[in-house]
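Below: the structure, in structure tokens.
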Amino acid sequence: MKMRPESETDLAEAIATANGPIRVQGGGTRGVTLDGDVLETGGLSGITLYEPGSLTLVAQAGTPLAEIEAALDAEGQRLAFEPMDHRGLMGTSGAPTIGGVVAANVSGPRRVSVGACRDFMLGVRYVDGTSTIVKNGGRVMKNVTGYDLVKLMSGSWGTLGVLTEVSLKVLPKPETAASVLIDGLSDADAVSAMAKALGSPFEVSGAAHIPVGLDGHPVTILRIEGFAGSVAYRADQIAALFGGLAVRVERDADAVAKGWRWVRDVEAFHGRPGDVWRISCTPSEAAALATNVGAEALLYDWGGGLIWARVTEGTDVRTRLGLFDGHATLVRGTGQAKFQPEPGPIAALSRGLRQKFDPKGILNTGLMG
Amino acid sequence: MQMPTPDANVLSRKTQIVARLQEVLPGDAVISDEMETRAYECDALTAYKCAPLAVVLPSSTEEVSAVLKVCHDMGVPVVPRGSGTSLAGGALPTADCVLLGVARMNDVLETDYDNRFIRVQTGRTNLSVTGAVEADGFFYAPDPSSQLACAIAGNIAMNSGGAHCLKYGVTTNNLMGVTMVQMDGTVMEIGGKHLDAGGYDLLGLICGSEGQLGVVTEATLRILPKPEGARPVLMGFDSNEVAGACVADIIKAGVLPVAIEFMDRPCIEATEAFAKAGYPMCEALLIVEVEGSPAEIDEQLALILEIARRHNPVELREAKDADEAGRIWLGRKSAFGAMGQINDYMCLDGTIPVSELPCVLRRIGEMSKEYGLDVANVFHAGDGNMHPLILFDANKEGDLELCEAFGADILRLCVEVGGCLTGEHGVGIEKRDLMVDQFAPADLEAQMAVKDVFDPAWLLNPAKVFPLAASESRRSVALAAE
Ligand SMILES: Cc1cc2nc3c(=O)[nH]c(=O)nc-3n(C[C@H](O)[C@H](O)[C@H](O)COP(=O)(O)OP(=O)(O)OC[C@H]3O[C@@H](n4cnc5c(N)ncnc54)[C@H](O)[C@@H]3O)c2cc1C
Ligand SMILES: Cc1cc2nc3c(=O)[nH]c(=O)nc-3n(C[C@H](O)[C@H](O)[C@H](O)COP(=O)(O)OP(=O)(O)OC[C@H]3O[C@@H](n4cnc5c(N)ncnc54)[C@H](O)[C@@H]3O)c2cc1C
């Protein structure tokens, strides 16, 4: 059965009368099958408020991401956390929704400098598993009134409640961008180089390393964004940090954007077989961890703090990683648990929260432990 | 502000409780003498005072865990304390509580420039975190005005902000991990040296939970490379509306200043009398600061000044050197001190949508006349976080109550126009009873359900954040269980 409520009250009603598990679905671009009736959020669609001068946008959760990006673009603004488009990687179609982005806390390469989706979240409205309508946060940029359930709901994958409305902080689009590219570095040297750039005052807004680039050789990419004069200056300063290495500067903004879309959407893995893992770790440990994984292909983002690994189907990546400071999520594939098992006391808190928010255990049953 | 009646069953067992605490802590870490506990009777909301049953000053996570276990077993409420600079009464003790201060836990545990973090014990002051890394060209971004005194512990509990959060965010955006001790003594690591949570974002939940979910003993904080330089400009306008429009235009133009500070006429007059910074006498004054290399600063300031000129400023003042920059900031930085010279004052902290600024300032002016109390406004204009300072006379009968009623009306106004009660100081006891103006019962219930999970017996800082009537049933269950 498929439900498609047209209002928050209808959605609450649908949850109140459900007699089994419910699968919450935005655009369905993540392509995972769970048991239960599908609850589509697409009926709750539309931007409810957008004030460019206050850098705030409020939208119903089922609003297509494309609609939001177009509205922001018209005012020269954007979602700074750079949500990725998963369709190529997952081999899915459909239109990603803003609710799905928030529910999965989806953030791209710029996360390393500006923060994750959750850092741009100002407020939520949601319906919990008891069909109660709850709001938290609001539409203002600074708000410490009560507990921050906005953060809890971001990244809870629809297991604590169904988002009906989200408010976000947006940022101006920079005038231009440039990339500094370094050729031929080993993974470990690349991570050191990225640390050096990110530790400089020149405001790097992306730092990625591809061990096997388009031409078959390793390339390390650093991004700089801002006003034209500033970008030119900082690109030169960063290039100068790496005297003696094979450094190039890409100053064509379109080429820069294309390159970072390629990183953001992990295009190198598109159409290739195998499972895809996303590993969040301490950057300086990344190269050693990646070696242990024994991947078919790798991509380092966030200065090494994020490893994308494509491995043979069914590989138990967590066992290969052993104990480390971070976590590994199975993004594509089915042989292993999607989410990293949590240590005892934290798992107990997570279970406790889920029990409170969804006592009947009907929301996305089976997802997240 | 009402506080719950102290639990007689706890008060009567003071000797046994202190004895148990002394078993798990060194002798000088337990204070029970009434003369000495009085030093902890209030935080920076000094209108409210109450000495705790006892004070403990543990030196390690293990000691914190041992203390909490004792208090949990004996059913004693615990109020955590950093440096006691809360303006909301967050660290106000109750007569039946053990006040747990983390001031002795102030070590730097690890600095790592490659991975850009510092790990500290949470009793360390905010400014000394930056102090530990600045020689190497780094800093810790959140910079509350109280940064010389306030501790990372309180910053995390209140999710504190600062003048530069328009660009760098508040505490929650700069916190990577914590060591936390639950009320039953369980120690856990949440987050760490990596980004984002693998499961639910518990770190985001703990940040801003006002000491009600656990005691935070260690923190991993993001540090950033220091910018090459920074420079402010000062601009004066002849109305709040025009200043507000100028702020919106600057933001829309795509410049992201690190700070946009706003002062109104009463505030300008008071600070001029006190600090003599040479500010123009006008209705509204903005200080806008940008960062970068000298050329980058010039590029951004040129754009900002061009926008400002379109709004017919009565004054535009650029800083040519560090000395002039210092003078531009001087008045703003002494605003609170200046107010303190004139009078007692209450500092509010509501946030409003930036677009509502002129309307809200006008309404505050009208209410000021109705209540017969003066108000000065100084605030972070880029993010709409207001700080109306209401002046009153603590020695005058009824003035405090009048001031509180006026303050409550201002905060209700903030909520009415789409904002909130507190942008960075927290709810504490001060705004506890106004929560019903911002939240429906179901909204508060969802938040209290979170505390049920972390602290089922409601022993950690129980009389804060939620209206007493709303938390009554939970707190009384805790009492009955003893
Ligand atoms: C196993 C797996 C792991 C992934 N991991 C990541 C990752 O780590 N980082 C990343 O950036 N992207 C990840 N993605 C992709 C990401 O989920 C989607 O790109 C994004 O959610 C697109 O939105 P959508 O509307 O298509 O969402 P959908 O695919 O429809 O839904 C995504 C998730 O959000 C929930 N959801 C959707 N709408 C709502 C709502 N209104 N309220 C509550 N819950 C809702 C769904 O139940 C589902 O759990 C992953 C995908 C998969 C399959
Ligand atoms: C002059 C002045 C200026 C200020 N300016 C600003 C400003 O610009 N921005 C801003 O945001 N705030 C400001 N404040 C408010 C205050 O400084 C902050 O709220 C600060 O974070 C409190 O830190 P503290 O260590 O003093 O905490 P305390 O006052 O000791 O405690 C605050 C809260 O934290 C809890 N807590 C303390 N330690 C722990 C712990 N270890 N674990 C869990 N919970 C704990 C307490 O129970 C209490 O609820 C200002 C205050 C003053 C007096």
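The values are calculated or read from the model by the stated rules, or taken from the named source; none is laboratory data. In this text, all values refer to a predicted model and were calculated from it rather than measured experimentally. Positions of Cβ are backbone-derived with ideal geometry, glycine not excepted, and every protein chain shown enters the neighbour counts. Side chains are part of the model used for accessible areas, which takes the heavy atoms of the whole protein and leaves out ligands, DNA and RNA. Shrake-Rupley method; radii C 1.70, N 1.55, O 1.52, S 1.80 Å.
Going through B:A135, B:A88 one at a time, which residue ends up being within 30 Å of B:V258 (Cβ to Cβ), in a helix (DSSP H, G or I) and modelled with pLDDT of 95 or more? Among B:A135, B:A88, only B:A135 is within 30 Å of B:V258 (Cβ to Cβ), in a helix (DSSP H, G or I) and modelled with pLDDT of 95 or more. Using the structure shown, decide if B:L421 is surrounded by 20 or more Cβ atoms within 10 Å (Cβ to Cβ) and assigned by TED's automatic domain parsing to the domain that holds B:C347. So B:L421 fits the description; yes.
Counting only residues that are open to solvent by 50 Å² or more (accessible area, probe 1.4 Å), give me the strands (runs of 3 or more DSSP E) lying completely in region A:219-285 with at least 3 of them.
A:246-250
Is it the case that B:K193 is open to solvent by 40 Å² or more (accessible area, probe 1.4 Å) and in contact with a helix residue (DSSP H, G or I) (Cβ under 6 Å, 6 or more places away or on another chain)? So B:K193 does not fit the description; no.
Counting only strands (runs of 3 or more DSSP E) that fall entirely inside region A:4-86 and contain at least 3 residues that are within 14 Å of another protein chain (Cβ to nearest Cβ) and more than 16 Å from ligand 2 (Cβ to nearest atom), the qualifying elements are A:47-51, A:56-60. Under the condition of being among the hydrophobic types (A, V, I, L, M, F, W, C), in contact (Cβ under 8 Å) with a residue 40 or more places away in the chain and either more than 10 Å from chain A (Cβ to nearest Cβ) or out of contact with any helix residue (DSSP H, G or I) (no Cβ under 8 Å at 6 or more places or on another chain) (or both), the residues counted in region B:386-416 number 9.
Is region A:358-368 home to any residue that is in contact with an Asp or Glu (Cβ under 7 Å, 6 or more places away or on another chain) and not polar (S, T, N, Q)? Checked region A:358-368: at least one residue is in contact with an Asp or Glu (Cβ under 7 Å, 6 or more places away or on another chain) and not polar (S, T, N, Q). Just a yes or no: is a residue in region B:205-228 part of a loop (DSSP other than H, G, I, E, B), away from ligand 2 (no atom under 13 Å from the Cβ), closer than 21 Å to B:K451 by Cα and open to solvent by 10 Å² or more (accessible area, probe 1.4 Å)? Looking through region B:205-228, none of the residues is part of a loop (DSSP other than H, G, I, E, B), away from ligand 2 (no atom under 13 Å from the Cβ), closer than 21 Å to B:K451 by Cα and open to solvent by 10 Å² or more (accessible area, probe 1.4 Å). Each residue in region A:199-218 was checked for being part of a strand (DSSP E or B) and over 17 Å from A:S186 (Cβ atoms), and 3 pass.
Listed here are the residues, each with its yes/no results for (1) over 28 Å from the mean Cα position of the chain (by Cα); (2) assigned to a helix (DSSP H, G or I); (3) surrounded by fewer than 22 Cβ atoms within 10 Å (Cβ to Cβ); (4) without any contact (Cβ under 8 Å) to a residue 40 or more places away in the chain.
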site	(1), (2), (3), (4)
B:R38	no, yes, yes, yes
B:D43	no, no, no, no
B:T46	no, no, yes, yes
B:C50	no, no, yes, no
B:V55	no, no, no, no
B:E63	no, yes, yes, yes
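In region B:430-453, of all residues being within 7 Å of chain A (Cβ to nearest Cβ) and under 24 Å from B:I410 (Cα atoms), the one that is nearest to the chain's Cα centre (by Cα) corresponds to B:M435. Of all the criteria given as (1) closer than 28 Å to A:F202 by Cβ; (2) modelled with pLDDT of 95 or more; (3) open to solvent by 10 Å² or more (accessible area, probe 1.4 Å), the one not satisfied by B:N174 is (3). Of all residues in region A:304-345, those being more than 14 Å from every other protein chain (Cβ to nearest Cβ) and open to solvent by 30 Å² or more (accessible area, probe 1.4 Å) number 10. Could you tell me whether A:S93 is open to solvent by 10 Å² or more (accessible area, probe 1.4 Å), more than 14 Å from every other protein chain (Cβ to nearest Cβ), within 25 Å of A:V266 (Cβ to Cβ) and modelled with pLDDT under 95? The answer is yes for A:S93.
Going by the conditions given, is B:G177 away from ligand 2 (no atom under 12 Å from the Cβ), in contact with a strand residue (DSSP E or B) (Cβ under 6 Å, 6 or more places away or on another chain) and either within 12 Å of chain A (Cβ to nearest Cβ) or outside any loop (DSSP other than H, G, I, E, B) (or both)? Taking the combined requirement at face value, the residue satisfies it.
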